[in-house]
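**Student:** Questions regarding the structure given below will be posed in turn.
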Amino acid sequence: MSKKFLILLSCFICLFIHPSMICANEGIYLGGDSVGIEVSYDGVLISGTYHFTIQNKTYTPETYIQKKDIIKKINGVTITSIADMQRELLTYQRTQSKDSIPITVLRKNQLIETSLFNVYDETDKVYKCGLYVKDKIVGVGTLTYYDPINHTYGALGHEIMDTDLQEIADIQAGSIYPANVSSIQKAQQNHAGEKRATIDFTRVLGTIRENTRIGIYGTYVQLGRNAPLMEWADAQSVHKGKAQLYTVLHGDEVQAFSINITKIHHQHIGDVKGIEFIVDDPVLLAQTNGIIQGMSGSPIVQDNKIIGAVTHVITNDPIHGYGVFIEWMLSNSKKLA
């Protein structure tokens, strides 16, 4: 039985001197596919702490463990997931009958030996340790391109954020998977719309090796579909006027929709807001009311060349969006070759 989960989205080289000096244009495969994104912390991340009181004794976890710490070991046993953590805490409690448990955490690239209190609450009938934890981030975005020369890909167009920590996620490992769009929540003024999709975790499309401000990058195992090979254009070639964005609104069918590029910001450093555009395609507007979450990474094509990827929407006017230049993305993925 295929392992699929319904995910509700929240809206993944040549010597570099300047992106225009990237190797000659060999062509890249056009993306537009919806992809599931799963990244892990290689341990259990402490996303927050809370005080608790049992039998008139108050426990304050932040005195011995901090937000952003990653639990690596419990009583000397390596921990890679929340399931590992729960198992080892329970095993220690059953065999040692102690509330104070030795743990190893990674804090600012240093391994630190400390203790964790895991105390049974007779009232609530549960163990409490005062920690909020997670071991992975899962979501859906759009793949921008595959580079057949370097066997790399670029997707998302912006960083994977850790919403609990309000910072770019410090990713140790991750993969991308095929995703099928099951429904659309339309954008409204000041309320971002979103794609809802199922992720097929049985098929790995590629590994995630870099999480940057302008996208996620890695090496691919297989193409999601029979994608067309297209040339790409540097930022100097991008101009105001008609263009198309490629994305999925139903199932796994990639479709082209018209947009109008209204402003171009020439840059010396890659940024997510290099291209400004307006959605003017009546079909896309009827189904989404503009740019919605899950479209991030959708490739933008102008004059039959890939020029960039969708990155952000102006939430108080969702027909307006931003994009990153494709040459900045390619300069990142080519470094992985």
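**Student:** Express the carbon and sulfur contribution to the solvent-accessible surface of the chain as a percent, rounded to the nearest whole number, probe 1.4 angstrom. Don't skip to the end; give the middle numbers.
**Tutor:** Numbers: 7680 of 15670 Å².
That share works out to 49 percent.
**Student:** Let me test this: with uniform point scatterers at the alpha carbons of the range 120-279, what is the Debye-based log₁₀ I(q)/I(0) at q = 0.12, 0.16, 0.21 1/Å?
**Tutor:** For the range 120-279 at q = 0.12, 0.16, 0.21 Å⁻¹, log10 I(q)/I(0) is -0.68, -1.17, -1.70.
**Student:** Next up: Over 20 Å intervals from 0, what percent of Cα-Cα pairs in the chain sits in each interval?
**Tutor:** The calculated distribution, bin by bin, is 30, 47, 21, 2.
**Student:** Sticking with this structure for a sec: Based on the alpha-carbon gyration tensor of the range 105-198 and its eigenvalue square roots a ≥ b ≥ c, which shape applies: rounded if a/c is under 1.5, prolate if not and a/b is larger than b/c, or oblate? Can you show the working numbers first?
**Tutor:** Working: a/c = 2.64, a/b = 1.55, b/c = 1.69.
Oblate.
**Student:** So how many Å³ per residue does the convex hull of the Cα atoms of the range 209-252 work out to? List each step's numbers first, then the result.
**Tutor:** Values: hull volume 7.4 nm³, N = 44.
Cα-based convex hull of the range 209-252, divided per residue, equals 168 Å³.
**Student:** Right, next: Over the range 182-275, what relative contact order in percent results from Cα pairs under 8 Å that are six or more residues apart?
**Tutor:** Working: 108 pairs, mean separation 18.1, N = 94.
Reported relative contact order: 19 percent.
**Student:** Another question about this same structure. Report the charge-dipole magnitude of the chain in Debye, nearest 20, computed about the Cα centre from +1 at each Lys and Arg Cβ and -1 at each Asp and Glu Cβ.
**Tutor:** On the way: 30 positive and 34 negative charges, 114 e Å.
Its charge dipole is roughly 540 debye.
**Student:** Send over a whole-number figure in Å² for the accessible area per residue of the range 187-299, probe 1.4 Å.
**Tutor:** Values: 4990 Å² over 113 residues.
Each residue of the range 187-299 exposes 44 Å² on average to a 1.4 Å probe.
**Student:** Please quote Rg/Rh for the range 16-167 to two decimal places, taking the Kirkwood radius as Rh and restricting both calculations to Cα atoms. List each step's numbers first, then the result.
**Tutor:** Working: Rg = 21.3 Å, Rh = 18.5 Å.
Rounded to two decimals, Rg over Rh is 1.16.
**Student:** Same structure again: Summing +1 for each Lys or Arg and -1 for each Asp or Glu, what net charge is found among the other residues whose Cβ lies under 15 Å from the Cβ of residue 73?
**Tutor:** Values: positive: 72, 87, 107; negative: 42, 69, 84, 88, 113, 135.
Computed value for this residue: -3.
**Student:** Just the Cα atoms of the range 189-337: what Rg and Dmax do they give in Å?
**Tutor:** For the range 189-337, the Cα radius of gyration and maximum Cα-Cα distance read 15.2, 42 Å.
**Student:** Order 202-209, 103-110 from most to least packed using the mean count of other Cβ atoms within 10 Å. Numbers along the way, then the final one.
**Tutor:** On the way: 202-209: 18.1, 103-110: 15.2.
Answer by packing, highest mean first, reads 202-209, 103-110.
The values are calculated or read from the model by the stated rules, or taken from the named source; none is laboratory data. This structure is a prediction, so every number in the text was calculated from the model and none was measured. Positions of Cβ are backbone-derived with ideal geometry, glycine not excepted, and every protein chain shown enters the neighbour counts. SASA here: full protein model, heavy atoms, side chains in, ligands and nucleic acids out. Shrake-Rupley method; radii C 1.70, N 1.55, O 1.52, S 1.80 Å.
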